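The values are calculated or read from the model by the stated rules, or taken from the named source; none is laboratory data. Everything quoted here is computed from the prediction, not taken from an experiment. When we count neighbours, we look across all protein chains shown, and the Cβ atoms used for this are built from the backbone with ideal geometry, even at glycine. What goes into the accessible areas is simple: the full protein's heavy atoms, side chains included, and nothing from ligands, DNA or RNA. Shrake-Rupley method; radii C 1.70, N 1.55, O 1.52, S 1.80 Å.
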Amino acid sequence: MRKKCVGCATVFALCFSLLVTNGESRAASTSVRVTLPDFEVSLNGHKVDNQHREYPLLVYKDITYFPMTWYDSRLLGLEAKWSPENGLYIAQGQVSSSYVSHNTDRQNAASYSVEVPASAITINGKLVDNSKEPYPLLSFQDVTYFPLTWRFAHDEFNWDYRWDDAKGLNIQSHNPQILTPYLPTFAGENDVAFYKGYYYFAETAGNTNQVYRAPVLNQSEKELVYSYDFLGVEPPRKTVHFRILDNELWFSYFIGSNLMGSNVYVKVNDDGKGEMELQKGGYTDFKKTPYGILIIGLGPNDWEDNLSLAASGQKNQQGKAVGNPNLLYGRHVDRSNSSFIVDGIGNGNSAEVIGDDVYIMASTNNHSNGYSDLNKIYKINLKTNDTKKIVNSEVSHFRILGDKLYYVKDTDNALYSSAFDGTGERKLSEHVVSWFDGIDSNVYYTTAVGEEKYLLYKVNPDGEDLPVLQERLDGVRLLNGKLVCLLEEKEDYGALVLDGSGHLVLAVSDSISHLLTSDEAILFTTSGNSTIKVIR
């Protein structure tokens, strides 16, 4: 859990004392008696255990009071801020949090004495004099408590506010909810995907891996998608990797030893069954084309003819070699002390397919003499096999966004763009680029500002590139039309979700360790464990 549970709540309580003028004293606050609810309370569907909660809900004058801890407030879409100039400010915000129970081993008393701070506060921009409120804010255990009256809960915050004699009080807010899917505990030990209303996950039984799916509306009803046995040396490799390609769900796994093993690629059909499309020896990447599957060999022995085209649905097929046989495709090559180091596919972009054409990074393979003419972008026509160099500069990685090529040059690590034929090159970034991508005609990039920390910028073709966020990031990923920015641990939130214009859509309290494959939700694991969470 992040550090906010108690810290900000304590600040709120201190805020009230600071808001009292010099002519007043703490004696201006009064004390009242409150009780614990003798009925059930649910917050966004989470049943509250008030008997053992460190910050239980309270009842004063027949009104239920809600604790403004960091997580509780953001669970219901509220932000609370304080400043010496403006005092305490509570408002709806674009925020969300997982439910945190705050449970302890001790049982709470039936009633407590709490303070009524004599202070003014602002709620959704409206000044409230707490000393004149019939249901004032309260302070208990250094936490500010908020009255769940119709005026505030419904009129100000637009919550659904329901009372039922059997089910008690139910509060439902309308901010995006962070939920924990009811998946088996082992699911988080492997990769997980969310696709077309189903969760996909793997279960290992002995030397067999079984890939299942479970509908989001009935997650206990799992269905077998695919099964395979481990082969090769011990320990067996049981990791499954999901990804979505051209709106289709695929997964891959590796079988065998490091030198003699192979990658297997499986497509999930419309009926929810996995069908093996390709098994290729060594480490590979692949792209779908109108003529079959383009295979890019990335293993240590793939130094010659490492680009081939294979029909789908066939095992161990080498495919037909495409492109120039004297080129090494899909990798980045560095010079180091007169030798060459092959880095791999570079930022996960080994190739881009546009119609009959493949755009791919390649270096001339001089076989026994090493490499030359490094890391250029080529275009290969799959119909004619015509191979043409498009960008004559050394690049580290590239993308096709809209009708342009975007690439980072090795010489200055800056971002450039050009037409598909390499003409009209233009430098775009003012900073060294670590990552880039495009959304809604806007291009974003990160630049390193320390060890594995980054700032996010938006390309401004007509002026200075300004940072989109002030916070330092652990990384950024484009997911379902949104930028998901993972913040470093010391920041207030775990992640910020931005739209294509760079505007905030949602601030997520949870600390995110990994973003998982999904087609319409944000699926992730939390830092420090393998718990799966989803924001829909």
Item to check | Subset of region 429-455 (residues that are in a loop (DSSP other than H, G, I, E, B) and either in contact with a helix residue (DSSP H, G or I) (Cβ under 7 Å, 6 or more places away or on another chain) or open to solvent by 20 Å² or more (accessible area, probe 1.4 Å) (or both)) | outcome: 430, 431, 432, 434, 440, 441, 449, 450, 451, 452, 453
Item to check | Residue match in region 50-64 (condition: modelled with pLDDT of 95 or more and in contact with a helix residue (DSSP H, G or I) (Cβ under 8 Å, 6 or more places away or on another chain)) | outcome: yes
Item to check | First in region 203-224 and without any contact (Cβ under 8 Å) to a residue 40 or more places away in the chain and open to solvent by 50 Å² or more (accessible area, probe 1.4 Å), second anywhere and of a type in the set (Phe, Trp, Tyr) and in a strand (DSSP E or B), Cβ under 9 Å, 6 or more apart | outcome: 222/199; 222/201; 222/212; 224/212
Checklist outcome for this item: Residues of region 49-72 being under 31 Å from the mean Cα position of the chain (by Cα), in contact (Cβ under 8 Å) with a residue 40 or more places away in the chain and farther than 18 Å from residue 130 by Cα, in sequence order, are 49, 53, 54, 55, 69, 70, 71
Checklist outcome for this item: Output for Cβ contacts, cut-off 7 Å, separation at least six or different chains, first residue within 19 Å of residue 121 (Cα to Cα) and in contact (Cβ under 8 Å) with a residue 40 or more places away in the chain in region 139-167, second assigned to a helix (DSSP H, G or I) and of a type in the set (Gly, Ala, Ser), reads 139/13; 142/9; 142/13; 143/9; 143/13; 144/9; 144/13
Item to check | Tally, over region 94-121, of residues that are in a loop (DSSP other than H, G, I, E, B) and either more than 26 Å from residue 50 (Cα to Cα) or in contact with a Pro (Cβ under 6 Å, 6 or more places away or on another chain) (or both) | outcome: 4
Next on the checklist: Can you confirm whether residue 168 is surrounded by fewer than 14 Cβ atoms within 10 Å (Cβ to Cβ) and on the phi > 0 side of the Ramachandran plot?
Outcome noted: no
Item to check | Pairs, first among the hydroxyl-bearing types (Ser, Thr, Tyr) in region 431-444, second open to solvent by less than 20 Å² (accessible area, probe 1.4 Å), C-beta under 6 Å, six or more apart | outcome: 434/446
Checklist entry - If you scan region 471-491, which residues turn out to be part of a loop (DSSP other than H, G, I, E, B) and among the charged types (D, E, K, R)? => result 471, 472, 488, 489, 490, 491
Checklist entry - Just wondering, is there one or more residues in region 456-470 that are open to solvent by 20 Å² or more (accessible area, probe 1.4 Å), assigned to a strand (DSSP E or B) and small (Gly, Ala, Ser)? => result no
Checklist outcome for this item: residue 329 passes all but one of the listed conditions (1) closer than 29 Å to residue 264 by Cβ; (2) open to solvent by less than 20 Å² (accessible area, probe 1.4 Å); (3) at pLDDT 95 or above; the exception is number (3)
Item to check | Leading residue by the ranking (modelled with the highest pLDDT) among those in region 271-286 that are in contact with an Asp or Glu (Cβ under 9 Å, 6 or more places away or on another chain) and open to solvent by less than 20 Å² (accessible area, probe 1.4 Å) | outcome: 272
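Out of the residues in region 498-514 that are part of a strand (DSSP E or B) and at pLDDT 95 or above, state the one that is surrounded by the most Cβ atoms within 10 Å (Cβ to Cβ).
Across region 498-514, the extreme among qualifying residues is 508.
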Checklist entry - When you go through 499, 510 one by one, which is the residue that is under 25 Å from residue 217 (Cα atoms), in contact with a strand residue (DSSP E or B) (Cβ under 8 Å, 6 or more places away or on another chain) and acidic (Asp, Glu)? => result 510
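When you check residue 409 against the structure, is it modelled with pLDDT of 95 or more and open to solvent by 40 Å² or more (accessible area, probe 1.4 Å), yes or no? First the steps, then the outcome.
Numbers: modelled with pLDDT of 95 or more: yes; open to solvent by 40 Å² or more (accessible area, probe 1.4 Å): no.
Here the answer is no, as residue 409 does not meet what is asked.
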Next on the checklist: Please go through (1) under 22 Å from residue 45 (Cα atoms); (2) in contact with a strand residue (DSSP E or B) (Cβ under 7 Å, 6 or more places away or on another chain); (3) open to solvent by 40 Å² or more (accessible area, probe 1.4 Å); (4) at pLDDT below 95 for residue 158 and return the number of the only condition it doesn't satisfy.
Outcome noted: (2)
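Restricting to region 173-202, count the residues that are of a type in the set (Val, Ile, Thr), open to solvent by 50 Å² or more (accessible area, probe 1.4 Å) and under 19 Å from the mean Cα position of the chain (by Cα).
First, the residues of region 173-202 that are of a type in the set (Val, Ile, Thr): 178, 180, 185, 192.
Now drop any that are not open to solvent by 50 Å² or more (accessible area, probe 1.4 Å), which leaves 180, 185.
Those still in the list that are under 19 Å from the mean Cα position of the chain (by Cα) too: 180.
Within region 173-202, residues that are of a type in the set (Val, Ile, Thr), open to solvent by 50 Å² or more (accessible area, probe 1.4 Å) and under 19 Å from the mean Cα position of the chain (by Cα) number 1.
Residue by residue, here is whether (1) in contact (Cβ under 8 Å) with a residue 12 or more places away in the chain; (2) within 19 Å of residue 323 (Cα to Cα); (3) loosely packed, with under 14 Cβ neighbours inside 10 Å holds:
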{"residue": "387", "(1), (2), (3)": "yes, yes, no"}
{"residue": "391", "(1), (2), (3)": "yes, yes, no"}
{"residue": "399", "(1), (2), (3)": "yes, no, no"}
{"residue": "402", "(1), (2), (3)": "yes, no, yes"}
{"residue": "405", "(1), (2), (3)": "yes, no, no"}
{"residue": "413", "(1), (2), (3)": "yes, no, no"}
{"residue": "420", "(1), (2), (3)": "yes, yes, no"}
Item to check | region 235-280, subset part of a strand (DSSP E or B) and of a type in the set (S, T, N, Q), residue nearest to residue 215 (Cα to Cα) | outcome: 252
